[in-house]
Every structure is written in C-alpha cells, then in structure tokens.
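Take a look at the structure below.
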Amino acid sequence: MFSFSLSDQPAARCVWVNGPVIVGAGPSGLGVAAGLKEEGVPHVQLERADCIASLWQNHTYDRLKLHLPKQFCQLPKFPCPQHYPEYPTKKQFIDYLESYAKHFNINPQFNESVESAKYDDACHLWRVKTVSTSGSTRCEVEYICQWLVVATGENAERVMPEIEGLKNFGGEVIHACDYKSGENFRGKKVLVVGCGNSGMEVSLDLCNHHAKPSMVVRSSVHVLPREIFGKSSFELAIFMLKWLPVWLVDKILLFLAWMILGNMEKYGLKRPSVGPLEMKNTQGKTPVLDIGALEKIRSREISVVHGIKRFSCGMVELVNGEKLEIDSVVLATGYRSNVPYWLQETEFFSKNGFPKTPFPNGWKGKAGLYAAGFTRKGLSGASADALRISQDIAKVWKEDLKQKKQKVPTHRRCISTF
C-alpha cells in the first residue's frame, strides 16, 4: 500500500490498499486476517481499541468461561491447546487469541476508529475514513480499497435502556460490560436488569460474593442445563440435527431440561412457546445455559422480579406495584451491532446492523462487501465466515494479479514497485 497527503496538513492522508480493509480485530476479524495471511493477500486491519478482542479483554466479568466446549470456539487452522479444559476461562481464551495473532503474524492498526465507509460508484472502490484515537493529535486517514470486510461483530455497542427515573436513582448504575466482580457489591442489594446468560452469571457471582441480587425477568426465557448426560447440550443438539428436524430436537431438549432442571415456572421463569433452537435461528436469542444460578433461585438467594415501572431515589417500583430498596443496578441488557453508524450502505445490511440474508449466505454482499461474525451462531459461525471470506477474496485477488502480470511487457517486469 502507499499513501499521500490530502492537504498541506500531514495529519490527513489517503492510503491505497492493494487488498481488503478489515474493520475489527475481534475473533471474526482475526480469522479473516489469518486466512488472508495464509493466501498471501495483503490487507489492512483496523481496530478502534488498543488490543485485539477488546470485548473479551476489557468488557467481560472475571468469572466468565466459554459456554460451549472449546472445539466449537476455536478459530480456523489453529486448535485450542489440548491441555485447556473443556470450557476455557476468560484468561485462557484471551491467551489463545493472542497466540493466534502471533502465530499468523497478525498486526492490526490499533486506536483507529472507522468514521464512515462508502462505496464509490464512479471508481468502483471503497472509501473508508478513520480517525486515530490515540494521543492528543487527531489524525484522519482515508483508505481506498477494492474489498471491505465488516468484522465489528454482533456485540459492538452496549444497549442502555431508557427507564423512567433511572437518572434520579442516586446509586451506582453500570452496564454488565463494566462489571468485573461481585467483590465491590458485598452486602449490597443489587438489581440485575436482564435474565440472559450475562444476567444469570452476574446474579450468581453477586451471590457468591455475599451480595443480595434481585433479577428482573421481564419476558419468557429458555434455560437449559449446560450438560446433558455428561455431554454439552450444544454438542448434543448439533448431533441430533444431523438426522432430526429443528422442531423435534427442540422438543427433546426441552423434555431433557425438564427432567434435569424441573419445573421452573414456579420460580418465575416461564418458557417461550417457541423452542430454543428455533428462537435462536429466527430471533437470534440465545438460550441460557445454567451453571449454578438456578440453584440460587430455588434457594431464594437470587430473587426473581418482574418488569420495572420506574426508579426513584434508592428504590425501584415494579409493574405489580411492589417497591424494592436497592443500592446498585447492573444493566445486563445486551449489545447491538454498530454497523449502521458508520457503513453507508443499505442493500446488504439491514437497519439493525445485521446482513439481510440469513446464515449461511449472509457473508457476502455486492461490490466487494463482506460480513464476518454476524451469523448469530457464536464463534463457530464466525470461523465459518472467516474461511469463506478469505478464500473468496484470495481467489479474486490472485486472478487479478495474474491478469495484471500478463498485461505487463516482459522487459518491464523487472521494475520494482513500492
């Protein structure tokens, strides 16, 4: 690639990339970069944070472990270490990603945030504008490229709900992405808003640190045991889906869950009418894999409450009129894609920041646009995307390179280019 100044100010540059630009250096972006490295395709990888996998490194709680066995969470062409447990810890997974980047010599450009990306119909190229976020000097760069890989993922931005009176609550209010440990909440009454995997695990962690959590369950939720008959529930589902339709696998999973976990409705956890796999496929909602929270709910160490009406100073009023005195609030309200904020394109991506075409065909758009890690199928889906994208780009790039070499006269091929 080469660069030149857009003006007299050295901070503004225009950079031609002889290959794709990858936006994001999480697991999806790393998988694509590794594939391109293997194929010998030059590229630029942009990351707004100061490290790879910033969500994992900076915005997850200390007790986090992978919810699925390690073989379903590894990236292409580099398996998780054999000595890792079946469900690696947060630290182990981050170490694995660091080793992955080192093994494939992946070097993203950190602290560079993409402000906009737009396809230029006149020159048939992508224009990706970035701003450097490190130091006191603001540095703007525009990258020009033939291919754009969107790898910012499904969880790029936290979802902060607007709840009446929350600003007047007075106590500590944090999102789950800023929660590290229950140690700082020891002895406090904590309202956890949300009952997904994060809400359940935060509530469990608070219990283990002798806090008093109340978990808001506004709607129905699927809770499955993490393991069934000594095997991962996910692994069992994948095995059954080879021969059985989704609706039947859902019925079998729910029957086994009922046998192992019992009736949860009496504890305030009502199951949806749609099965867990069908809901994941159609709505993107992941079932909760229980790792101990249900036991705390049964023993009333975690209180289940329904729907928030409003907050007031040191208190929350529920939709049923009940009022609870609380000290802190943890918003386990999930994440969303940030693609609509910077990608100026509406044909391939929908307004919610996900490809309009469902898995497994949502990885490739038109005009050299790709999406990695938007499958709603976790790290295994991201790995599948990475392989397809890197192979597809490499094929076109090599064909273009071959054609260019054929056009160059023999006596000029000895001239070096930079």
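The values are calculated or read from the model by the stated rules, or taken from the named source; none is laboratory data. Keep in mind that what you see is a predicted model, and the values were worked out from it rather than measured. All Cβ positions, even for glycine, are placed from backbone atoms using ideal geometry, and neighbour counts span all protein chains on display. Just the protein is used for accessible areas: all its heavy atoms, side chains included, with ligands, DNA and RNA removed. Shrake-Rupley method; radii C 1.70, N 1.55, O 1.52, S 1.80 Å.
Separation of region 311-354 from region 37-90 is 26 Å, based on Cα centroids. When the residues ARG300, ARG218 are ordered by accessible surface, computed with a 1.4 Å probe over the protein chains alone, the sequence from largest down reads ARG218, ARG300. Considering only ALA101, ALA122, ALA382, the Gaussian network model of the chain with Cα springs below 10 Å gives its largest mean-square fluctuation to ALA122. With the highest mean first, a sort of the peptides 77-89, 326-338, 273-285 on other beta-carbon atoms found within 10 angstrom per residue produces 326-338, 273-285, 77-89. Checking the Cα-Cα distances for LYS285/LYS356; LYS129/LYS395; LYS102/LYS280; LYS364/LYS395 against a 23 Å cut-off, the pairs over it are LYS129/LYS395; LYS102/LYS280.
Between VAL396, VAL221, VAL246, where does the largest GNM mean-square fluctuation fall for the chain, given springs only between Cα atoms within less than 10 Å? Looking only at VAL396, VAL221, VAL246, the biggest GNM fluctuation is shown by VAL396.
By how many degrees, between 0 and 90 and to the nearest 10, does the Cα long axis of helix 246-261 differ from the longest principal axis of the chain? The angle comes out at about 40 degrees. Accessible area per residue was computed with a 1.4 Å probe on protein heavy atoms; HIS306 scores about 90 Å². Along the Cα-to-C-beta direction of LYS402, a point sits 7 Å from the Cα; which residues of region 25-47 have their amide N less than 20 Å from that point? Within reach of a label on LYS402, which here means backbone N under 20 Å from a point 7 Å along Cα→Cβ, region 25-47 contributes 36-42. In terms of the Cα gyration tensor, with a ≥ b ≥ c the square roots of its eigenvalues, is the chain rounded because a/c is under 1.5, prolate because a/b exceeds b/c, or oblate? Taking the square roots of the gyration eigenvalues as a ≥ b ≥ c, the chain is prolate.
Peptides 56-62, 92-98, 190-196, ordered by how many other C-beta atoms sit within 10 Å of their residues on average, highest first, read 190-196, 92-98, 56-62. With respect to the chain, whose longest principal axis is taken over its alpha-carbon atoms, helix 27-39 is tilted by about 30°.
By the rule of a C-alpha distance below 18 Å, with chain neighbours fewer than 8 residues away ignored, the lysines paired with LYS323 are LYS167, LYS188, LYS189, LYS212, LYS309.
Take every pair of alpha-carbon atoms less than 8 Å apart whose residues are at least six positions apart; their mean separation over the length of the chain yields a relative contact order of 22 percent.
Dipole check for the chain: with +1 at the C-beta of Lys and Arg, -1 at the C-beta of Asp and Glu, and the Cα centre as origin, the magnitude is about 780 Debye.
Comparing ARG186, ARG48, ARG158 in a Gaussian network model of the chain where C-alpha atoms under 10 Å apart are linked, the largest mean-square fluctuation is found at ARG186. The gain in end-to-end length when the SER136 to VAL319 segment is fully stretched comes to 61.1 nm, 0.36 nm per residue minus the alpha carbon separation. Using Cα atoms only, what is the angle between the long axis of helix 378-407 and the major principal axis of the chain, expressed in degrees (0 to 90) to the nearest 10? Approximately 10 degrees, to the nearest 10. Here the calculated FRET efficiency for GLU172 and TRP243, from their Cβ-Cβ distance with R0 = 41 Å, stands at 0.20, rounded to the nearest 0.05. Expressed as a whole percent, the accessible surface of the chain that belongs to carbon and sulfur atoms is 52, based on a 1.4 Å probe. With a/c under 1.5 counting as rounded, go ahead and sort region 23-177 into rounded, prolate or oblate using the C-alpha gyration tensor (a ≥ b ≥ c being the square roots of the eigenvalues; past the cut-off, prolate if a/b is larger than b/c, else oblate). In terms of gyration-tensor shape, oblate.
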